[in-house]
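Notes follow the structure.
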Amino acid sequence: MKKALAVVLLVILAGGIAVAQEREKAGETKVIIKQTPPEKENYYTIRVGAWFPKDKEKGFDFQGNLVDETNGKIDQSQALGVDLHFRNAASHPLYVDLSVGGWYTSYEFTANDLLNETALIRKNSAYAVIVPVTLGLSIAPLPENPIQPYAMAGIGAYIGITGYDITEVSDQNASASDTYVRFGYYLGAGLDFMFAETFGVSVGAKYQFLEFKDPLYTGQKNFTGLQASVGIAMKM
């Protein structure tokens, strides 16, 4: 009888302990920490600046009729333009870039009074517009930072739109325009400083590698050179 009572007490004790443990487990609070990746940041920049191509006209050639600079005056404007650049976050620190720009330069040659009439040309006004449409990659090492430096490279199509308006010695006028397309590429770097959550200033430098098959009407063929620009940046 005593042994049976002892067994019953042991069973009751074991059951009580088991119930207490279950209640303790039920009362525990589970804390789960989930790490979420940083939100992707896309940047839009609009910059204006200057392009410094290798070719700068030193004379004027029209239909094989070469006129030296000493026989006239050449006025060539600096190539100025705008660069629209979109950087789409891929996987840190990599961005996929799309950029479109427009760069304008003009050229004017005016013959002096000593120019021989066999040159035929009294005055030539020409222009060139270069439109780069490029796709590239950039690397930005500082995520979620108001200061965003990055290195970039890209390749694409460069559209050259060019034309002229000529006044001959006989005072007759002639004009024409053409469009050329050439592939080129660039290497560069940029810096976006976001002084607000979604707005800031941007500076950029691209070294463009571009040479057309034939000279444009401004006399320029090799547009390889530095582009420097400054503007605004937006984060979305």
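The values are calculated or read from the model by the stated rules, or taken from the named source; none is laboratory data. Here the structure is a predicted model, which is why all the values come from computation and not from measurement. No Cβ is skipped: glycine too gets one built from the backbone with ideal geometry, and neighbour counts run over all protein chains shown.
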Candidate set from the stretch 180-214 (those that are of a type in the set (D, E, K, R) and outside any loop (DSSP other than H, G, I, E, B)); member that is nearest to S106 (Cα to Cα): E211
Would the stretch 26-45 turn up any residue that is outside any loop (DSSP other than H, G, I, E, B), at pLDDT 65 or above and charged (D, E, K, R)? no
All but one of (1) among the aliphatic types (A, V, I, L, M); (2) in a strand (DSSP E or B); (3) more than 21 Å from Y95 (Cα to Cα) hold for M234; state the number of the condition that does not hold. (3)
Where in the stretch 68-178 are there strands (runs of 3 or more DSSP E), lying fully within it, with 3 or more residues that are at pLDDT 85 or above and of a type in the set (A, V, I, L, M, F, W, C)? 79-91, 94-111, 121-139, 147-168
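Let's see how each residue does on (1) farther than 30 Å from K123 by Cβ; (2) in contact with a strand residue (DSSP E or B) (Cβ under 7 Å, 6 or more places away or on another chain):
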{"site": "A140", "(1), (2)": "yes, yes"}
{"site": "P143", "(1), (2)": "yes, no"}
{"site": "Y150", "(1), (2)": "yes, yes"}
{"site": "G154", "(1), (2)": "yes, yes"}
{"site": "T167", "(1), (2)": "no, yes"}
{"site": "Q172", "(1), (2)": "no, no"}
{"site": "A176", "(1), (2)": "no, yes"}
{"site": "F183", "(1), (2)": "yes, yes"}
Failed condition for Y217, given (1) hydroxyl-bearing (S, T, Y); (2) surrounded by 13 or more Cβ atoms within 10 Å (Cβ to Cβ); (3) part of a strand (DSSP E or B): (3)
Pull up the stretch 188-214, narrow it to residues that are under 15 Å from the mean Cα position of the chain (by Cα) and β-branched (V, I, T), then point me to the one that is surrounded by the most Cβ atoms within 10 Å (Cβ to Cβ). V203
Does the stretch 168-187 contain at least one residue that is within 23 Å of T218 (Cα to Cα), touching a residue at least 12 places away in the same chain (Cβ under 8 Å), among the charged types (D, E, K, R) and surrounded by fewer than 12 Cβ atoms within 10 Å (Cβ to Cβ)? yes
